[in-house]
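The next block holds one structure in the form of structure tokens; read it before the comments.
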Amino acid sequence: MKVLLLLSILLVNPLLLSGCSDIKPWVKPYERNNLADPIMSLDRHGAAGAYIHHVYQAREGARGAEGGAGGGCGCN
Amino acid sequence: MRGVDVVVTNLSKLPSAFFKLFFILLTTVNLSWVPFSAQAATLPVDSVDILYHSFEGGGMDINGPFVLVRKSIGSQVSVNGHYYVDSVSAASIDVVTSGASEYTEERTELSAGVDFLHEKTMVSAGYTESEENDFLAKTVFMSVNQDFFGDLSKITMGYARGWDEISKFGDEVINEADRQNFKIGLSQILTKNSLMGFDVETATDEGFLRNPYRSYRILNDDKVGYTNEPENYPETHTSTAIAVRGLYYLPYRASIKAEYRFFSDNWGVKANTYELLYVHPLGKSWTLEAKLRYYEQTQADFYSDLFKADTQEFKARDKELSTFSDVTYGAGVTYELGKGFIPYINKLKFTLLADYLEFDYDNFRDASDTSLVAGTEPFYHFSAWVTRASITLEY
């Protein structure tokens, strides 16, 4: 819980500060062609991506923070 | 299939510190991002995703369909549902060597969800039910995500709560377990060619957490033979996982993704996961990809392949709680057709993904050969193929 609290504070504080400072979004919309390419998606495969997370959850001790699937697989 | 899935019910039982933090963050998000609004976020695309999946290895064949449908209703609401089946041919080795009989079974999962978009905020909620002949899992989940800082950043928070009913075939007793998990994620555009993702998830399970069919091994008084006894687990399991991902657009049209995850739980398991993914388009229609993933973990405090004496309360012989590592070598190909090929279809995508997995156990022995002296059997090893073939239609 302490780790989560610390990480959350670290995560939120720079954003709060940015609201009161001169920091502006540094990548303009017209500079985002490459980022808009489908190959730059963190989760490209939808259901297929969710399935491979399920495969690992059922065979490894670790779980969570997969960054894509979620909601509980009910797969002890 | 939300990015971060999380919660809604039974507020009185929520861990209060995290609950407070969750809503402080949620309030902060909505108050501080608004000045950076540039362009609206979008609902998921209307689509049908039909997947056939197969796992072959370790004496098990598991396969079946997975169908996901999304449909928008107006400009602010999108609904989705999925149907998922696992047809399982056999139990894993740690259950088989516990004396369980040969069996086949089927797990069916149904899910329904809704996404609601308001300006740059998306709220998602849903319900999933998974059923086997001896296992029933119900889960509700909710998540909130918000684009901000000129759409360079996105924060996601979620909560899920689940209720499991676990029984043993031929036994009237129904055991229960409650599950909760919380997630916070941030994705951030770093440059015009790179972005990163950061995710933290904590999960807590309470209740009956072991497999009712699995046993541990304990040496007999003669120190030669052993006896199988039903496992005994703690009734609480709490874990935290932290992951960092980076995605980079190479100088030519291709991308490389690297990720690292650290996991730790109150059972003494610590794990590291490393993954690299290279994606390379060929022309307008084809995309190739290659993946390398390595995972390693330490054993749980109460795990042993062969207990020497009955000196501790909790005892497990689950190979997922032993010390082991696994490697995945993956490859995939995608073929995509754009608008105009089929009436009313905006995009048609075929995907074939194949992964080869190798598991090596450091202190889980292959006890299937009962002629060997207990504790001298070779360490278990297995490999598996995971194949996924899918068709995605966007309409």
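A compact table of results
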{"item": "Answer from B:Ala271, B:Ala316 - the residue that is under 20 Å from the mean Cα position of the chain (by Cα), buried (at least 20 other Cβ atoms within 10 Å of the Cβ) and not β-branched (Val, Ile, Thr)", "result": "B:Ala271"}
{"item": "Unmet requirement for B:Tyr335, which otherwise passes all of (1) in contact (Cβ under 8 Å) with a residue 24 or more places away in the chain; (2) more than 21 Å from B:Phe55 (Cα to Cα); (3) surrounded by 14 or more Cβ atoms within 10 Å (Cβ to Cβ)", "result": "(3)"}
{"item": "Test set (1) free of Cβ contacts under 8 Å to residues at least 40 places away in the same chain; (2) surrounded by fewer than 22 Cβ atoms within 10 Å (Cβ to Cβ); (3) within 9 Å of chain A (Cβ to nearest Cβ); (4) assigned to a strand (DSSP E or B) - B:Ile189 fails condition number", "result": "(2)"}
{"item": "Residue selected from region B:162-185 under the condition surrounded by fewer than 20 Cβ atoms within 10 Å (Cβ to Cβ) and among the aliphatic types (A, V, I, L, M), by the criterion nearest to the other protein chains (Cβ to nearest Cβ)", "result": "B:Ala177"}
{"item": "Among residues of region A:21-63, those that are assigned to a helix (DSSP H, G or I) and farther than 30 Å from B:Lys270 by Cβ, counted", "result": "12"}
{"item": "Checklist (1) part of a loop (DSSP other than H, G, I, E, B); (2) within 11 Å of chain A (Cβ to nearest Cβ) applied to B:Phe263, failing item", "result": "(1)"}
{"item": "Selection from region B:323-345 of residues that are assigned to a loop (DSSP other than H, G, I, E, B) and touching a Phe, Trp or Tyr at 6+ places or on another chain (Cβ under 9 Å)", "result": "B:Thr323, B:Tyr344, B:Ile345"}
{"item": "The lone exception for B:Ala309 - which of (1) assigned to a strand (DSSP E or B); (2) more than 12 Å from chain A (Cβ to nearest Cβ) it fails", "result": "(1)"}
{"item": "Those residues of region B:117-143 which are within 24 Å of A:Pro25 (Cα to Cα) and surrounded by 22 or more Cβ atoms within 10 Å (Cβ to Cβ), in sequence order", "result": "B:Met122"}
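A quick yes/no check of all residues on (1) more than 17 Å from the chain's Cα centre (by Cα); (2) more than 16 Å from B:Ser187 (Cβ to Cβ); (3) within 7 Å of another protein chain (Cβ to nearest Cβ); (4) crowded, with 19+ Cβ neighbours inside 10 Å:
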| position | (1), (2), (3), (4) |
| --- | --- |
| A:Asn33 | yes, yes, no, no |
| A:Ala36 | no, no, no, no |
| A:Met40 | no, no, yes, yes |
| A:Arg44 | no, no, no, yes |
| A:Ala48 | yes, yes, yes, yes |
| A:Tyr51 | yes, yes, yes, yes |
| A:Val55 | yes, yes, yes, yes |
| A:Glu60 | yes, yes, yes, yes |
| A:Ala65 | no, no, yes, yes |
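Table: residues versus (1) within 12 Å of another protein chain (Cβ to nearest Cβ); (2) part of a strand (DSSP E or B).
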| residue | (1), (2) |
| --- | --- |
| B:Gly197 | yes, yes |
| B:Thr202 | yes, yes |
| B:Arg210 | yes, no |
| B:Arg217 | no, yes |
| B:Asp221 | no, no |
| B:Tyr252 | yes, no |
| B:Trp267 | yes, no |
| B:Ala290 | no, yes |
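Just so you know, all these numbers are worked out from the coordinates, no wet-lab data involved. Computed from a predicted structure; not experimentally measured. As a convention, Cβ positions derive from the backbone with ideal geometry for all residues, glycine included, and neighbour counts pool all protein chains shown.
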